[in-house]
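This report refers to the structure that appears directly beneath it.
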Amino acid sequence: MNYALNHFPEILQRAGQHAWLAGVPLVLGLLIAVPVGWLARRFPKASPWLVGGSGLLYTIPSLALFILMPLILGTRILDPLNVIVAMTIYTLALLVRTVVDGLSAVPRDTVAAATAMGYSPVRRFLAVDLPLAVPVIAAGLRVAAVSNVAIVSVASLLGIPNLGFFLTDGYQNYDNGEIWTGIVSCLILALVFDLLIQLAERLLTPWQRVVHG
Amino acid sequence: MITSIWTWLTAPAQWSGAGGIPTRLWEHIWACLLVLVIAAAIAWPLGAWIAHAGRGRWLISVANAARAVPSLGLLFAVAMWMSGMFSGSTLAFTIPPTIVLVILAIPPLLAGAYAGVHEVDPAVRDAARGMGMTGGEVLRKVELPIALPLILSGLRSASLQVIATWTIAAVLSVGGLGRYLIDGLASADYAQMAGGAVLVAVLALLVDGMLALLQRLVVSPGLTGRRRRRARTGIPRATASRPTA
Amino acid sequence: MIRFEGVTKKYDDSIAVDHLDLEFPDGAITCLVGPSGCGKTTSLRMINRMIELTSGRVTIDGRDIRDQPAAKLRRGIGYVIQHAGLFPHRTVVDNVATVPLLNGWDKRKARARAHEVLELVGLPGNFASRYPAQLSGGQQQRVGVARALAADPPIMLMDEPFSAVDPVVREQLQDEFLKLQGELGKTIVFVTHDIDEAIKLGDQVAVMRVGGRLAQVAQPAALLADPADDFVADFVGRDRGYRALSFADTPSLPLASEPTIELGASVDQARAATSDRWLLVVQDGRPQGWVEPARLTGPIEADSLHRGGTVARVDGPLRASLDAALSSPARRGVLVDHEGRLVGTVRAHEVLTAIEQTDRPRSDDEASGGIRLGKERG
């Protein structure tokens, strides 16, 4: 507790770094996963490859992926871009399946009605399918957010600044308070992400708030 | 860059001795197996019981929430907490990460067993009992085989989690492939780090592939692709759905 | 014989079954019918102890069901439920072999028996290796029945077994079930919420009311003719008078001989055969349909027949004879023998006369009142 109080500005700064490393991939992953998920729905034969292929990336352990990133990107090992790209890959791996599931859960009658009213395929996707898939996608996004926040701390082993610094530094200094500061800060950040996504979901799906009966 | 990694991977010195790849690989696999066996022994019966008895569901929620805890933090915290307990023994290095990994492996295993058993159609369970199966027979012959796909999915995520975290656990001086990543980092030897990273990635992919294969072999074909076939028989939704009795 | 003696099932705040006394005769189908919440399913499930009774006694052949372990009791009682509850991970044949295997049969013998029973419920051999998910709802129900029959239990408990399939398949399943029961003669307890199903299938129908009390137990004909109270009358429904005819055997009706013509005969032959507008076409003595000789343009073909009329068996229920007369374009109902050969025709008013002369299981006052009313109007 003392550690946290004495180092409050530093915690905020590292939390900001952490949020950036975990949050940007979340947005990028979602932006890529939506068209990929649409492709998978559109071309069912390609679906197992798209979903399975992105799932395969998820099996690569985080530390290994961080280390291998410079090989692909030509970056230095300390470059935060490695973490951003690696986390985007993880997010994508989780979200492609979620987007496919979410789109599959849209009632067929609704889609048929929209088509019958004369929506073009792309407009129908944006105006009908996607909004109705929001609850499922949001659920997947929450899982990805929590997992991202936890994984980013691993990057601190490589010296990339984030909340994980308190973990490695605390272990080196034999400072229990510092380690727990790191753990609790990560949990709080994960909670903030979770709440923000829930809030966004509520704003995007006003129809879900209508009380039935 | 890639050639230096290749040189590192293929150097004969890398393939023998205490720090050699076969030894490190074996250490890694052995540790992960041990962790998974302990975690499964705890999580599977517990998950099946919760689904069966319908009590203690909060445990599932707690386990899911526990996934937010950074594994690195847990490793350090437990290592520190236990640092005095096994002084002088090599166990001092191995036991804390083993405990942490068991803790981390439990949530996916528990969720898999719970969801699998929970998903068994109540009519199937009712029929099994009505035909004269004892509680144990219902579990062994009906619930577990039907739950198998989800139980194995849980095992797959748990094993990935364990392989990844044991790699990180190398910072606590345990053996395994993670040594190359951590030692390479300490001595600024990128070839060693990247070579180790490749090995870890290949191990994870192979284990996942093998478990996927196992899933194919042991899960009844009656359970896979079930929706597709039902759709093909063309039972209208109205008749297939459950009227309220 | 299954016997309920003052059987009660209480839950914390409600009574599901209230002092039920009921007998289920051997070799007969007893239908438990009633609105939802009347305790019919609870009553059925107390027989194989899926639900334990609170007080009272259930005996099978005089032996209390609590005398043996529940699992052992259940292995000797067939159990069929609404959604079949087939094991999705086992093939059809392995599903059916379940109880024989539980009873310790060896695998080969159990499977041979399973194939035998599948044949019995009308599922040919190529279904045996399929998985439940590959079957239609009706086929799944058949497997459910086969699975219950596999160990040849003397008693079968059937809880709304046909209610989840569409009406056409349901009727088919009911007919086959009756035929099967005719061969097997099991003691069957059949729960349904559908009074028509109960009347069609039951040798005895027990109507239950909400609160788990017995409203009336009777043979279907008696239930239709003489409901014990308003609740039963309401539940049995409006056109029960007409439906009751299903249970009245056709008395000797005044049969008229009908001129007929063979399928394939020429126009001239047809016109020579009758002076009436309609002519009955037969093949090997079996009625095929009606033709209008005046409208014929060529030899009588199967395609050109009017097939609107139903055909009734001369020894069948009155309802069928009346329907045959009403549905025939010639207004003459076609009656056949048990081999489907033409016996003669009958007119609707002749069937009605026969109905009025039948002894109805109803008090004389009401019956004569009905007739008098009819006469005044005429």
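The values are calculated or read from the model by the stated rules, or taken from the named source; none is laboratory data. Bear in mind the structure is a predicted one, so any value in this text is a computation, not a measurement. FYI the Cβ positions are ideal-geometry reconstructions off the backbone, even for glycines, and counts take in every protein chain you see.
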Cβ contacts < 8 Å: first residue of a type outside the set (F, W, Y), restricted to region B:77-101; second residue at pLDDT below 85 and not in a loop (DSSP other than H, G, I, E, B), any location; separation 6+ or different chain. Result? B:M82/B:A92; B:S83/B:A92; B:M85/B:A92
Helices (runs of 4 or more DSSP H) wholly in region C:174-238 with at least 1 residues that are at positive phi and in contact with a Leu (Cβ under 8 Å, 6 or more places away or on another chain) - which ones? none
Among the candidates C:A150, C:A164, single out the residue that is within 14 Å of chain B (Cβ to nearest Cβ), closer than 27 Å to C:R75 by Cβ, more than 13 Å from the chain's Cα centre (by Cα) and free of Cβ contacts under 8 Å to residues at least 60 places away in the same chain. C:A150
Could you grab me the full set of residues in region C:32-72 that are of a type in the set (V, I, T) and either on the phi > 0 side of the Ramachandran plot or assigned to a helix (DSSP H, G or I) (or both)? C:T41, C:T42, C:I47, C:I65
Mind checking whether some residue in region C:130-147 is assigned to a loop (DSSP other than H, G, I, E, B), closer than 17 Å to C:P25 by Cα and out of contact with any Leu (no Cβ under 6 Å at 6 or more places or on another chain)? no
What residue, among those in region A:1-45 that are without any contact (Cβ under 8 Å) to a residue 60 or more places away in the chain and not in a helix (DSSP H, G or I), is surrounded by the most Cβ atoms within 10 Å (Cβ to Cβ)? A:F43
Only listed residue being assigned to a helix (DSSP H, G or I) and closer than 15 Å to A:V36 by Cβ, chosen from A:L126, A:L130: A:L130
For residues in region B:116-125 being touching a Leu at 6+ places or on another chain (Cβ under 8 Å) and in a helix (DSSP H, G or I), which is farthest from the other protein chains (Cβ to nearest Cβ)? B:V117
Mind counting the residues in region A:143-187 that are under 30 Å from A:V96 (Cβ atoms), in a helix (DSSP H, G or I) and more than 10 Å from chain B (Cβ to nearest Cβ)? 2
May I ask you to list pairs of residues, at least six apart or on different chains, whose Cβ atoms are under 8 Å apart, with the first in region B:195-212 being more than 8 Å from chain A (Cβ to nearest Cβ) and over 17 Å from A:M69 (Cβ atoms) and the second being surrounded by 14 or more Cβ atoms within 10 Å (Cβ to Cβ) and among the small types (G, A, S)? B:V207/B:S159; B:L211/B:S159
Would you please name the residue that is nearest to C:A114 (Cα to Cα), looking only at residues in region C:42-71 that are surrounded by fewer than 23 Cβ atoms within 10 Å (Cβ to Cβ) and facing chain B (nearest Cβ under 7 Å)? C:A71
Single residue of region C:73-93 satisfying the filter (in a helix (DSSP H, G or I) and more than 7 Å from every other protein chain (Cβ to nearest Cβ)) that is nearest to C:P132 (Cα to Cα): C:V92
Since B:I151 meets every condition but one in (1) among the β-branched types (V, I, T); (2) more than 10 Å from every other protein chain (Cβ to nearest Cβ); (3) surrounded by fewer than 22 Cβ atoms within 10 Å (Cβ to Cβ), which condition does it not meet? (3)
Considering every residue within region B:47-55, establish whether at least one is in contact (Cβ under 8 Å) with a residue 12 or more places away in the chain and surrounded by fewer than 17 Cβ atoms within 10 Å (Cβ to Cβ). no
Collect the residues in region C:233-256 that are hydrophobic (A, V, I, L, M, F, W, C) and within 20 Å of the chain's Cα centre (by Cα), keeping them in residue-number order. C:F235, C:V236, C:A244, C:L245, C:F247, C:A248
In region C:94-129, residue surrounded by the most Cβ atoms within 10 Å (Cβ to Cβ) [restricted to those that are touching a residue at least 24 places away in the same chain (Cβ under 8 Å) and not in a helix (DSSP H, G or I)]: C:A97
What is the residue count in region A:36-54 for residues that are within 16 Å of the chain's Cα centre (by Cα) and not β-branched (V, I, T)? 2
When both residues are 6+ apart or on different chains and their Cβ atoms are under 7 Å apart, which pairs have a first residue that lies in region B:126-137 and is facing another protein chain (nearest Cβ under 7 Å), and a second that is surrounded by fewer than 16 Cβ atoms within 10 Å (Cβ to Cβ) and in a helix (DSSP H, G or I)? B:G132/C:K72
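The rows are residues; the columns are (1) over 15 Å from B:A191 (Cα atoms); (2) within 12 Å of chain B (Cβ to nearest Cβ).
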residue: A:S47; (1), (2): yes, no
residue: A:S54; (1), (2): yes, no
residue: A:L57; (1), (2): yes, yes
residue: A:P61; (1), (2): yes, yes
residue: A:A64; (1), (2): no, yes
residue: A:L68; (1), (2): no, yes
residue: A:R76; (1), (2): no, yes
residue: A:P80; (1), (2): yes, no
